[in-house]
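The values are calculated or read from the model by the stated rules, or taken from the named source; none is laboratory data. Because the structure is predicted, anything quoted here is derived from the model rather than measured. Here the Cβ positions follow ideal geometry from the backbone for every residue, glycine too, while neighbour counts run over all protein chains shown. In case anyone asks, the SASA skips ligands and DNA or RNA and just uses the protein heavy atoms, side chains included. Shrake-Rupley method; radii C 1.70, N 1.55, O 1.52, S 1.80 Å.
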Amino acid sequence: MSSESHLRRLTLVYNCTANTLILRTVSKKIAPWLAAGPEIVPQPTAIWPIHSLLVIALLVITSTLYLALRSRTVYLVDYACFRQNSNLRITKATFLEYARLSSLLDDSIVNFIATILKRSGMSDETCVPPVHHYIEPCCGLDEACSEAELVIFSVIDDLLAKTCIKRDAIGGLITNCSAFCPVPSIADMIVNKYKLRGDIRLINLSGMACSASMIAVGLASNMLQVMPRGSHVLVVSTETIGPSYYSGNKRSMVLSNILLRIGGVAKLLSTSRSKARFRLVHFIRTITAANNSAYRCVYQEEDEKGNLGIALSKDLTVVAGHALKANIMATGPYVLPTSELLKFSLFNMARKMPHGRNIRPYIPNFCVTFEHFCIHAGGPAVISSVQHGLKLSDQYVEPSWMTLHRFGNQLSSSVWYELAYINAKGQMKKNDRVWMIGFGAGYECNTASWVCIQPSSSADGPWGNCINHYPKDIFKNILN
């Protein structure tokens, strides 16, 4: 049946229903006069304004329901990354010398540290917390709290200064810090410091490692859906690495000592477009914890001597690849153009044919969808595997490599340093699309896509005093 015949039938049903109801209503109203005089039958043409009123009422009801039930658009007002002081800097030579002088480490582990440092892709400008500047770090509760306050309060101060938002306007607060969970929580620490509202909504995340920042963004988006329109949610992401220092000789656990660096970021999200810099388009979370090898891929445990640390599995890149593939399958239908989706479907159909096993799977071209990629700077292996998996050119992974070189692995906040790199380089344009890819314990792959509304007019930030020195060729040191 054609659409025109459908329209004619709907029009006929509407006219019959409306005329019947209106005639009955009008007849009841004029019944006293009908008894006294000649029979008067109201004609539909004489009461056409009531049709208009019905249409207007239906439009108002439909619009109200649509506005009430539709998902609200979430915006990133602004963000601020932690800017390290030079007194926190540690060179690779100093790090290695501390390892040689330590009575806790064997010679084989010292040689292993030297090899990893050489291939880490990090420069001599990376920073660690004050407690790591001792030959044998020992981090107590006071040292851990001082490290957390140093990062968290700095980024919140910078964010409040950039956005000029009043503290009473912040209706929600989400914090994430994996290994350090003091009592009271970090969220309560922030409320106490800045005297935030008594009815503020708090969420404190822990144990989610490098992908926690993406998870916090998703939670903030969900929180804003049920808050009054125009509300603001503050999201603070950091990792206090002092308490996570491993003092044993197990290679899989000493890796975190070598790669992790201090960092943090504060973000302000809102359903108000006013002064916003980015619009959140999609957030996709993929969890593979049901698989045992994925679950133990990043795992906090004790070694045979009782030393607590975080073990990184040798299968990390393989597990990350599977998690990314699952996330791509969920993200693709929302972001890819029809042509790419059609190619992907055709290749999948061909691979299911009797002789289709030799056909390589088609990898969608995400470069037609996104102008920028922020891949978690977990290490050379992680960045390289994602680059090869998505077939990205060096141009698209430059922010990840440069962030790893300048700041090291800053866990959940690394993708925001990459976004700051793109802004500092002046590469971000209005309507540019950004894809953030985060990996974390569990094992999880979480992605968020953004659209730029207003590029930054200033290069001030973590890259402010060094952006002119980048990009750099760091691949020779990694491959040698």
**Prompt:** Going by the conditions given, is Met436 open to solvent by less than 10 Å² (accessible area, probe 1.4 Å), outside any loop (DSSP other than H, G, I, E, B) and touching a strand residue (DSSP E or B) at 6+ places or on another chain (Cβ under 8 Å)?
**Reply:** yes
**Fill in**
Looking across the stretch 158-188 at residues that are farther than 22 Å from Ser231 by Cβ and not aromatic (Phe, Trp, Tyr), the single one that is least open to solvent (accessible area, probe 1.4 Å) is Cys177
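Residues checked against (1) buried (at least 17 other Cβ atoms within 10 Å of the Cβ); (2) at pLDDT 95 or above:
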residue	(1), (2)
Arg197	no, no
Met214	yes, no
Val236	yes, yes
Leu259	yes, no
Lys267	yes, yes
**Request:** Please enumerate the residues belonging to the stretch 327-336 that are in a helix (DSSP H, G or I) and of a type outside the set (Gly, Ala, Ser).
**Result:** Asn327, Ile328, Met329, Thr331, Pro333, Tyr334, Val335
**Item:** Filtered residues of the stretch 243-252 (kept if assigned to a loop (DSSP other than H, G, I, E, B) and of a type in the set (Gly, Ala, Ser))
**Value:** Ser247, Gly248
**Request:** Any residue in the stretch 252-266 that's under 19 Å from Ala99 (Cα atoms): show its pairings with residues that are in a strand (DSSP E or B) and among the small types (Gly, Ala, Ser) at Cβ separation under 7 Å, as long as the two are six or more apart or on different chains.
**Result:** Ser252/Ala311; Met253/Gly309; Met253/Ala311; Ser256/Gly309
**Complete:** Over the stretch 349-397, the set of residues closer than 26 Å to Met208 by Cα and part of a helix (DSSP H, G or I) is Pro380, Ala381, Val382, Ile383, Ser384, Ser385, Val386, Gln387, His388, Gly389, Leu390, Val397
**Item:** Residue list for the stretch 429-464, filter: acidic (Asp, Glu) and in contact (Cβ under 8 Å) with a residue 24 or more places away in the chain
**Value:** Asp432, Glu444
**Request:** Restrict the check to the stretch 368-379 and report whether at least one residue is open to solvent by 10 Å² or more (accessible area, probe 1.4 Å), among the charged types (D, E, K, R) and under 24 Å from Gly218 (Cβ atoms).
**Result:** yes
**Request:** Answer yes or no: is there a residue in the stretch 338-351 that is touching a residue at least 60 places away in the same chain (Cβ under 8 Å) and either touching a His at 6+ places or on another chain (Cβ under 9 Å) or crowded, with 17+ Cβ neighbours inside 10 Å (or both).
**Result:** no
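Look at Gly426 and say whether it is outside any strand (DSSP E or B) and over 21 Å from Ala220 (Cα atoms). Please lay out each step first, then the result.
Numbers: outside any strand (DSSP E or B): yes; over 21 Å from Ala220 (Cα atoms): yes.
It is true that Gly426 is outside any strand (DSSP E or B) and over 21 Å from Ala220 (Cα atoms).
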**Complete:** Subset of the stretch 285-321, residues in contact with a Gly (Cβ under 9 Å, 6 or more places away or on another chain), charged (D, E, K, R) and surrounded by 16 or more Cβ atoms within 10 Å (Cβ to Cβ), comes to Arg285, Asp303
**Residue identified as in a strand (DSSP E or B) and buried (at least 19 other Cβ atoms within 10 Å of the Cβ) among Leu280, Leu255** = Leu280
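In the stretch 285-326, what residues are in a loop (DSSP other than H, G, I, E, B) and under 23 Å from Cys374 (Cα atoms)?
Matches in the stretch 285-326: Thr288, Cys297, Asp315.
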**Complete:** Considering residues that are touching a helix residue (DSSP H, G or I) at 6+ places or on another chain (Cβ under 8 Å) and at pLDDT below 90, the number found within the stretch 442-466 is 7
**Item:** Search result, residues across the stretch 123-147 that are touching a helix residue (DSSP H, G or I) at 6+ places or on another chain (Cβ under 6 Å) and among the aliphatic types (A, V, I, L, M)
**Value:** Val131, Ile135, Ala144
